[in-house]
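The values are calculated or read from the model by the stated rules, or taken from the named source; none is laboratory data. It should be emphasised that the depicted structure is a prediction, and the values quoted were computed from it without experimental measurement. Here the Cβ positions follow ideal geometry from the backbone for every residue, glycine too, while neighbour counts run over all protein chains shown.
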């Protein structure tokens, strides 16, 4: 007889009675599993249908005790002899039709239903993710269990140094920052230091970007800090201020004497400008891009004092790469122009 075995709504297969007993003994089939066979109206637990005796009874063969009793055999009557019957005395009964055997209708197999288990609500609410840390596979970990990640510290230190060295330490700071954040994520929070890694990333990206922009401007000839163009631009601005200061000293002399001095050195003699300062004003440094002797061509020796703001008062003797002189007017404004000097 074939038995269908089901467990929690899933059929395990069809087994014979011997296979079921063997499965129970090995533990492959449980007594709580459900069983069904033809003729049963519904599924029933295996242990209610098939019983297995765990302790087998020992069978002792008892040899038969044969004791011939001579007295009883001697007293038993002899069997009577039967007379043979004639053929005419025998009645022949013809064979009748064999009765039809009705096959019982097969019982439909009921569909096994999964067992319903009662879910017991916890007495206390479950802890949040912040209380127990990240959910990870394997053993549970706590936040910062292994301390601060070393690459996160390195990223922050390199990022601070990049404020001085630029992308030389800025790029390693970015690399260490990404490595540290990856390690912290894969550890499920067992390593800390994500903030240090982010800080190193920001400093590394900013300083590296600024260094690249600075190099591009430097190679393009723009006046960026540390470049010769910037040095020349700074010295040119300084010389322009010196020329404006010298013009203001000349106008101060003209207010007192109603005319400009015949030479710039007179400003020192009249104590309009201190001698040491006058030496600096008379020899301006326009930078490495200016060619020619230092100093000014003075045009105010024959110029009366008045409102001549559009007239030049000082012209630099040196010229820039384009052949232009620096011109300072009476109102202390300046420009560059091509001028033929004596």
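Any idea which of 172, 110 is touching a strand residue (DSSP E or B) at 6+ places or on another chain (Cβ under 7 Å) and modelled with pLDDT of 65 or more? Break it down into steps so the answer makes sense when it comes.
Working: 172 fails: touching a strand residue (DSSP E or B) at 6+ places or on another chain (Cβ under 7 Å).
Answer to the check: 110.
Counting only residues that are part of a helix (DSSP H, G or I) and surrounded by fewer than 16 Cβ atoms within 10 Å (Cβ to Cβ), how many does region 278-298 have? Give the steps one after another, and end with the answer.
We begin by selecting, within region 278-298, every residue part of a helix (DSSP H, G or I); these are 278-282.
Then drop every residue that is not surrounded by fewer than 16 Cβ atoms within 10 Å (Cβ to Cβ), which leaves 279-280.
Selection size over region 278-298: 2.
So that you can scan it fast, the table gives a plain yes or no per residue for (1) closer than 23 Å to residue 235 by Cα; (2) touching a residue at least 24 places away in the same chain (Cβ under 8 Å):
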| site | (1), (2) |
| --- | --- |
| 263 | no, yes |
| 272 | no, no |
| 283 | yes, no |
| 290 | yes, yes |
| 295 | yes, no |
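Could you go through region 234-249 and let me know if any residue there is at pLDDT below 70, assigned by TED's automatic domain parsing to the domain that holds residue 280 and out of contact with any strand residue (DSSP E or B) (no Cβ under 9 Å at 6 or more places or on another chain).
Residues of region 234-249 that are at pLDDT below 70, as a first pass: none.
No, that holds for no residue.
Only residues in region 148-170 that are outside the structural domain of residue 209 (by TED's automatic domain parsing) count as the first member; pair them with residues that are in a helix (DSSP H, G or I) and surrounded by fewer than 16 Cβ atoms within 10 Å (Cβ to Cβ), Cβ under 6 angstrom, at least 6 apart or cross-chain, and list the lot.
Once the first residue is outside the structural domain of residue 209 (by TED's automatic domain parsing) and sits in region 148-170, no partner that is in a helix (DSSP H, G or I) and surrounded by fewer than 16 Cβ atoms within 10 Å (Cβ to Cβ) comes close enough.
Given the conditions (1) more than 16 Å from residue 330 (Cβ to Cβ); (2) touching a residue at least 12 places away in the same chain (Cβ under 8 Å), and given that residue 240 satisfies all but one, which numbered condition is not satisfied?
(1) is the only condition that residue 240 fails.
Can you tell me how many residues in region 182-208 are in contact (Cβ under 8 Å) with a residue 24 or more places away in the chain and over 22 Å from residue 163 (Cβ atoms)?
Qualifying residue count for the region: 8.
Determine whether residue 302 is assigned by TED's automatic domain parsing to the domain that holds residue 323, within 21 Å of residue 327 (Cβ to Cβ), exposed (fewer than 12 other Cβ atoms within 10 Å of the Cβ) and at pLDDT below 85.
Numbers: assigned by TED's automatic domain parsing to the domain that holds residue 323: yes; within 21 Å of residue 327 (Cβ to Cβ): yes; exposed (fewer than 12 other Cβ atoms within 10 Å of the Cβ): yes; at pLDDT below 85: yes.
Yes: the conditions hold for residue 302.
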